[in-house]
Amino acid sequence: MNPVRRFFRRYVFSTVGLLALLLAANILLITGLLLISEVTPPRESFSITAFCGHLSQGPDGWQADAEATAMLDPDAWAMVLDPEGNVVWEYRMPDSLARHYSVGAVAMLSRWYLEDWPMTVWAQDDGSLVAVGQPKDSMVKYYVAMDKSYFSFLSMLFSVVFYANLLLIVVLFLHSARRVEKAMGPILNGINSMVSGKPLHLREDGELAEISAGLNRAAAYIAQKDNTRADWIRGVSHDIRTPLSVILGYASELEEDPALPDAARAQAAVIRRQSEKLTGLVADLNLTTKLEYALRPLEVRQLDAVELARQAVSEVLNDGLSDAYTLTFTEAAPGTRLTVAGDPALLGRMLANLLHNSVDHNPGGCAIEVMVGPAAGGCLFTVADNGAGVAPDRLRTLNRGGPVVSTQAPDPGGCDHGLGLRIVRQIVRAHRGRLSFAAASPHGLVVRVWIGGKN
């Protein structure tokens with residue numbers, strides 16, 4: 001998946017998760033408030049039914065016991081109306097209030113207020129009405145009545161408004177995410193291009209112009225450094241080539257001159273061999289630089305994988321392989337034509353480097369086997385030896401693509417530049433192949449390289 005899409009998909013999912021968390025938090029908050037309202041009594045806990053339980057009607061009229069009067073708020077009052085609307089009993093009733101009420105007034109006070117006094121009423125069995133006036137501004141009383149169809153319409157309206165707001169939030173969020181993606185997409189793609197070593201130039205406009213300008217400057221600086229290093233390596237390689245040719249020529253003449261003592265000829269042979277190593281090092285340095293900065297275009301062809309591996313084995317044998325080493329070549333599927341799409345020179349160099357790696361790091365000798373076989377739409381090259389093997393930590397680092405210069409620790413007196421494996425990895429990457437390292441049983445190293453059959 002494109003890393004830009006993966007980044008914004010993660011951003012969308014995280015935002016949706018936050019919205020879901022917000023919704024859940026609101027639900028929990030409302031539920032908690034409702035539960036608190038259920039378990040926490042309101043400020044006015046007066047019960048008219050309990051109050052009426054302490055009222056009694058005797059021969060002398062209505063009477064209230066001490067517990068009834070104790071139930072009333074200090075600023076509250078009470079009265080009892082008979083069926084005709086007359087006040088037949090009262091307790092702390094204000095003098096400004098009437099002592100007779102019409103049917104309409106009774107209806108009003110039983111649902112609303114009596115001159116700003118919030119009223120609480122209860123009907124008795126004999127038709128009398130017990131009314132308690134609560135302190136002013138202690139209660140809020142509203143009466144709501146509407147047509148059922150209109151109530152259904154309002155319910156639907158509230159639902160539509162709620163879901164419309166929810167949809168609007170989602171649309172605005174997606175629009176905002178799209179704007180961020182449009183602004184950040186080129187920047188993230190530019191960073192990926194910088195990592196891949198591709199040229200980069202971003203438009204320096206919009207809200208993120210400063211970031212784009214900074215990336216352009218960083219890309220220009222990296223390109224300048226890379227070009228400087230590549231030019232320096234090419235210059236050094238060119239300048240050192242002529243002196244090396246002279247050294248090799250004179251060393252070869254001295255080595256083959258019969259007039260010289262054997263010790264001098266042996267010293268000339270050492271100079272020649274070391275000069276050849278230096279020539280190989282310069283060639284490796286040039287090749288890895290060209291591969292790293294894509295200065296060498298691939299000459300991709302359809303190649304016979306078996307013939308390619310056989311030529312690499314033959315070249316190593318013809319270079320004068322010591323008798324301490326045995327080198328065998330095996331076809332995993334004899335008679336099957338295996339083709340790979342690649343650069344013949346680079347793939348041959350890859351196999352040669354792997355073979356030389358087994359030879360160089362097993363000076364006491366070992367058995368080396370090269371196998372070629374089909375694998376998943378391509379070809380699998382296997383180079384295995386039964387030599388010293390590789391330490392587990394180095395093996396893990398090699399498979400992670402870490403900066404390990406070679407499969408073995410360098411000799412204290414040797415020169416281990418490690419360009420061989422670096423070039424192998426670069427060639428495999430250039431062919432979009434796969435490279436893996438494993439331990440052989442009971443000891444040794446197995447290197448597997450998969451190269452596709454089509455470009």
*Of all residues in region 317-355 being within 40 Å of the chain's Cα centre (by Cα) and of a type outside the set (A, V, I, L, M, F, W, C), the one that is farthest from ILE451 (Cα to Cα)*: ASN353
*Check region 405-422 and report whether any residue there is at pLDDT 85 or above, touching a Leu at 6+ places or on another chain (Cβ under 9 Å), farther than 27 Å from ASP304 by Cα and of a type in the set (A, V, I, L, M).*
no
*The one condition in (1) of a type in the set (D, E, K, R); (2) at pLDDT below 85; (3) surrounded by 15 or more Cβ atoms within 10 Å (Cβ to Cβ) that ARG400 fails to fulfil*: (3)
_Restricting region 214-249 to residues that are loosely packed, with under 13 Cβ neighbours inside 10 Å and over 48 Å from the mean Cα position of the chain (by Cα), the residue that is nearest to MET184 (Cα to Cα)_ = ASP239
*How many of the residues in region 320-338 are in a strand (DSSP E or B) and crowded, with 17+ Cβ neighbours inside 10 Å?*
2
_Boolean, MET108 is outside any loop (DSSP other than H, G, I, E, B) and free of Cβ contacts under 8 Å to residues at least 12 places away in the same chain_ = yes
*Residues in region 230-249: is at least one in contact with a Phe, Trp or Tyr (Cβ under 9 Å, 6 or more places away or on another chain) and under 27 Å from ALA352 (Cα atoms)?*
yes
*Restrict the check to region 352-362 and report whether at least one residue is assigned to a loop (DSSP other than H, G, I, E, B), of a type in the set (A, V, I, L, M) and modelled with pLDDT of 85 or more.*
no
*Can you confirm whether region 118-126 contains a residue that is in contact with a Gly (Cβ under 7 Å, 6 or more places away or on another chain) and open to solvent by less than 50 Å² (accessible area, probe 1.4 Å)?*
yes
*Taking ALA183, is it modelled with pLDDT under 75, open to solvent by less than 80 Å² (accessible area, probe 1.4 Å) and touching a Leu at 6+ places or on another chain (Cβ under 6 Å)?*
yes
*Out of all the residues in region 250-268, is one or more open to solvent by 60 Å² or more (accessible area, probe 1.4 Å), touching an Asp or Glu at 6+ places or on another chain (Cβ under 7 Å), within 30 Å of ALA376 (Cβ to Cβ) and not acidic (Asp, Glu)?*
no
_Criterion (modelled with pLDDT under 85 and among the small types (Gly, Ala, Ser)) met by exactly one of GLY53, GLY104, GLY17_ = GLY17
*Sort through ALA183, ALA164, ALA131 and tell me the only one that's closer than 30 Å to TYR113 by Cα and not in a loop (DSSP other than H, G, I, E, B).*
ALA131
_Pairs with Cβ under 7 Å, 6+ apart, first in region 132-147 and open to solvent by 100 Å² or more (accessible area, probe 1.4 Å), second in a loop (DSSP other than H, G, I, E, B)_ = LYS136/ASP116
*Is it true that GLU44 is surrounded by 10 or more Cβ atoms within 10 Å (Cβ to Cβ), among the charged types (D, E, K, R), at pLDDT below 85 and not in a helix (DSSP H, G or I)?*
yes
*asked:* Scan region 122-129 and tell me whether some residue there is touching a Lys or Arg at 6+ places or on another chain (Cβ under 8 Å), modelled with pLDDT under 85 and not β-branched (Val, Ile, Thr).
replied: no
*If you check every pair at least six apart or on different chains, which have Cβ atoms under 8 Å apart with a residue in region 320-349 that is over 22 Å from ARG432 (Cβ atoms) first and a residue that is of a type in the set (S, T, N, Q) second?*
TYR325/ASN362
*(1) closer than 15 Å to GLU307 by Cα; (2) outside any strand (DSSP E or B): which one isn't true of MET371, the others all being true?*
(2)
_Would you confirm whether or not region 343-351 contains a residue that is surrounded by fewer than 15 Cβ atoms within 10 Å (Cβ to Cβ) and under 16 Å from GLN302 (Cα atoms)?_
yes
*Among ARG273, ARG265, which is the only one that is in a helix (DSSP H, G or I), touching a helix residue (DSSP H, G or I) at 6+ places or on another chain (Cβ under 6 Å) and more than 30 Å from TRP450 (Cβ to Cβ)?*
ARG265
*Per-region count, region 53-73, residues open to solvent by 30 Å² or more (accessible area, probe 1.4 Å), free of Cβ contacts under 8 Å to residues at least 24 places away in the same chain and not in a strand (DSSP E or B)*: 9
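The values are calculated or read from the model by the stated rules, or taken from the named source; none is laboratory data. Model, not experiment: these values are computed from the prediction. Cβ atoms come from the backbone with ideal geometry, glycine included; neighbour counts cover every protein chain shown. Remember, those area values only see protein heavy atoms, side chains included, never the ligands or the DNA or RNA. Shrake-Rupley method; radii C 1.70, N 1.55, O 1.52, S 1.80 Å.
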